[in-house]
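Have a look at the structure below before the remarks.
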Amino acid sequence: INYYLDVKAKNITLEILTRNDANDKNSIIRKYSNSDTLYKIGDVNIPHYWIRPQEILSVEPGSHRFVWDMLYTPLNVSPSYPISATYMNTAPEPTSPWIMPGMYKARLNVDGKIVEQSFEIKMDPRVKTSLTDLKKQHDLSLQCYEGRKKCIDVLEEIHQFRAMLRAQLTSAEIHVVDKLGPLEKAAGLLENPVQGSQEPSFSRLNNTFATIFNTMQDNDWPPTTQAIAAATDAQKQLQVLITKWNALKVKQNGK
């Protein structure tokens, strides 16, 4: 995506939207800004000089080229990298789905001035999978992506919940320990099950969604019946775990 700035800007955003001429409704599927922060690269399985430099929208005068990778917004997790590294150009393993072929819109906002440009994403002509089957793969991948997002959000809630309980348990009276101790233990089991246990947890379910997602996104074929069944079962487990988590929060509030 190319853009040109006459003068240095203060604030700039770039949004990628789906374009639907039928009802004139658009939904934002990716957003960038000059205030974005670079994600931290921790212990990874390749030398850092293999890694593709991260892009931030430039506010400087002149011509600029910004690359959208045709993916939804990545999950807020530590990046991992494939074994097939390319010097200075190895992108992290994707944690969000590829978008569907179709019409899209780029919206650039520079200090309040907005310009838009429509464009079309076309499928690689060598791929003969029908759009119907591609949509099945896309929709199920998106379900797993949303499932992971929910697991990650709840895991952060549980982490804060347990930290709060542990702080209250420090030097607490016995009746407080009797009440809050089991809650902290139950929250821990929702976060991570006991080693060797087959009980579902948000951490285990997060990994399940990731496995199904990676299986589907590694090819251009429609999802198998096994993948569909696994995703359906994972969605059911997610609802059960959310119900248990909400019930635990109600107990903590004494209601």
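Only aspartates and glutamates eight or more places from Lys105 in sequence, or on another chain, were considered; those with a Cα closer than 14 Å are Glu15, Asp21, Asp24, Glu116, Glu120. If a/c stays under 1.5 just call it rounded; otherwise compare a/b with b/c (prolate if a/b is bigger, oblate if not). Do that for the range 1-118, with a ≥ b ≥ c from the square roots of the Cα gyration tensor eigenvalues. Oblate is the answer for the range 1-118, as a/c is 1.5 or above yet b/c matches or exceeds a/b.
Determine the shape class of the range 92-207: with a ≥ b ≥ c the square roots of the Cα gyration tensor eigenvalues, call it rounded for a/c under 1.5, and otherwise prolate if a/b is greater than b/c, oblate otherwise.
Values: a/c = 5.32, a/b = 2.07, b/c = 2.57.
Oblate, because a/c is 1.5 or more while a/b does not exceed b/c.
Annotation: per residue accessible area for the chain equals 63 Å², rounded to a whole number [probe 1.4 Å, protein chains only]. Taking the accessible area of the range 83-205, probe 1.4 Å, and keeping the other protein chains in place, the carbon and sulfur fraction comes to 55%.
Near the amide H of Thr90, within less than 5 Å, lie the amide hydrogens of Ile51, Arg52, all on another chain or at least 5 residues away, with H placed in the peptide plane.
For the range 159-238, the Cβ-based charge dipole about the Cα centre amounts to some 200 debye (Lys, Arg positive; Asp, Glu negative; other atoms uncharged).
Quick one: Debye curve from the alpha-carbon atoms of the range 112-167 only, equal weights, vacuum; give me log10 I(q)/I(0) at q = 0.15, 0.26 Å⁻¹ to two decimals. Here log10 of I(q) over I(0) equals -0.74, -1.00. Couplings 3J(HN,Hα) for the range 111-119, derived from phi with the Karplus relation 6.51 cos²θ - 1.76 cosθ + 1.60 (θ = phi - 60°), are 6, x, 8, 10, 10, 10, 8, 7, 7 Hz, where x marks Gly and Pro. Which whole-number percent is the relative contact order of the range 21-73 (Cα, under 8 Å, 6+ apart)? Answer for the range 21-73 is 48 percent. Over the range 126-255, what is the relative contact order in whole percent, taking alpha-carbon pairs under 8 Å and six or more residues apart? Computed value for the range 126-255: 37 percent relative contact order. Pairs exceeding 19 Å between alpha-carbon atoms, taken from Lys150/Lys249; Lys149/Lys251; Lys150/Lys179; Lys185/Lys251: Lys149/Lys251; Lys150/Lys179.
The values are calculated or read from the model by the stated rules, or taken from the named source; none is laboratory data. Just so it is clear, the model here is predicted, and its values are computed rather than measured. When we count neighbours, we look across all protein chains shown, and the Cβ atoms used for this are built from the backbone with ideal geometry, even at glycine. Just the protein is used for accessible areas: all its heavy atoms, side chains included, with ligands, DNA and RNA removed. Shrake-Rupley method; radii C 1.70, N 1.55, O 1.52, S 1.80 Å.
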